[in-house]
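The values are calculated or read from the model by the stated rules, or taken from the named source; none is laboratory data. Owing to the predicted nature of the structure, the values given are computational and were not obtained by experimental measurement. All Cβ positions, glycine included, derive from the backbone under ideal geometry; neighbour counts span all protein chains shown.
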Amino acid sequence: MDLFLSRKFMILVLLVCLGCGSSFVSANFYNDFDVTWGDGRGKILENGELLTLSLDKSSGSGFESKNEYLFGKIDMQLKLVPGNSAGTVTAYYLSSTGSNWDEIDFEFLGNLSGDPYILHTNVFSQGKGNREQQFYLWFDPTADFHTYSILWNPQLILFSVDGTPIREFKNAEAKGVPFPKNQPMRIHSSLWNADDWATRGGLVKTDWSQAPFTASYRNFSANACVAVSGTSTSCGSGSASSNAAWLTEVLDSSQQEKLLWVQKNYMIYNYCSDSKRFPQGYPPECNMA
C-alpha cells in the first residue's frame, strides 16, 4: 500500500485498539482457555497455572482460547513430549475460521529419543499457506519450559523462541501477497498422532508402548486487541492498559542479527529456496529485502 494509505490504515488500527488488553502476569488457564477435545486427556492443573495435553492410542487432545484476537503479542511457555516422541505433533497456533481462514503456526514434530525435534512454522492468509520454514532448536525443548512467541501487527508476523526471533513474515500486500489483518484469530493447541508424515516422512511410527505422551503449558500472556463479537472493528479490554507499542514494532539491528544467526545455523528447510517446488520462480514475498 502507498504511504498515505499505510498511515491511514495505522491510524484506524490504533483507534480500533484503544481497548487493547495486557496480561503480562501469569494468566489463569481457567479464565483464558477451554479444553475442547480429548475426553479428559486435556487437564488444567495447579489452580489454573498449568495445562497439560495427552495423547494415547485412542485419542489426542486440544484447547483453544476463549478470546479472539486481532493483532497481538502472544507468549506461551511449552515443555514438549519427552523421550521417544516419534509420530507425535504438538501444534500451537493462531487461526480464524471459514474457507478463507488466516493462520500462524508453530508445530513441533516429535522424533526418536536423542534426535532433535523439528520446529515447523507456516503462515496462511485467506486460505493459502505453503510457506513452510523448519528449524532445529539450540536446546532440548523437553527438559524444561521455553517461551514461544508470536508478534502479529500490520507490518509483520514474527516468530520468536525465548525472545530470539527465528522467522519474519513481512506484509507484502504491495506485491499482491495477502496478509492477515482483518480476521480475528483464536489461540489453539493440540497434541495428536501424525505418524503417517511427521517423523522422517512417515517412516518412523508412533511407539504406543511409550504412551501416554504429554505436553505442558504455563505462563500465557497476551498483549493484544481482543475482538468483540467476532468482528474486526472493535477491541474489548482484557486488562486495562493502553500500551500498544507492539502494534508498530519492527526488528531492530540487534534482532536482525539474531534472526540471521538462527537462520544460518538452525534452519533446515525454507520454501523460499526450494527451486524444485517453484521451478517457475519463488513466491513474491521471497524477494523482499
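Okay, here's what the table says:
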quantity	calculated
Wholly within the range 122-190, strands (runs of 3 or more DSSP E) carrying at least 2 residues that are of a type in the set (D, E, K, R) and either under 16 Å from the mean Cα position of the chain (by Cα) or surrounded by 19 or more Cβ atoms within 10 Å (Cβ to Cβ) (or both)	164-170
Residue in the range 57-65 that is within 30 Å of Val177 (Cα to Cα) and surrounded by fewer than 22 Cβ atoms within 10 Å (Cβ to Cβ) present	yes
Residue in the range 151-166 that is touching a strand residue (DSSP E or B) at 6+ places or on another chain (Cβ under 8 Å) and farther than 24 Å from Ala245 by Cα present	no
Complete set of residues in the range 247-289 that are closer than 21 Å to Asn153 by Cβ, touching a strand residue (DSSP E or B) at 6+ places or on another chain (Cβ under 7 Å) and among the β-branched types (Val, Ile, Thr)	Val250, Val262
Residues of the range 90-120 satisfying the condition of being outside any loop (DSSP other than H, G, I, E, B), out of contact with any His (no Cβ under 8 Å at 6 or more places or on another chain) and either in contact (Cβ under 8 Å) with a residue 60 or more places away in the chain or on the phi > 0 side of the Ramachandran plot (or both)	Thr90, Glu103, Ile104, Ile118
Lone qualifier among Ala198, Ala174 - being within 28 Å of Asp252 (Cβ to Cβ), at pLDDT below 95 and of a type in the set (A, V, I, L, M)	Ala174
Single match in Leu191, Leu203 (criterion: at pLDDT 95 or above and farther than 19 Å from Ser160 by Cα)	Leu191
Criterion (closer than 15 Å to Pro283 by Cβ, of a type outside the set (Gly, Ala, Ser) and touching a His at 6+ places or on another chain (Cβ under 7 Å)) met by exactly one of Glu132, Glu173	Glu132
Residue in the range 182-201 that is hydrophobic (A, V, I, L, M, F, W, C) and in contact with a helix residue (DSSP H, G or I) (Cβ under 8 Å, 6 or more places away or on another chain) present	no
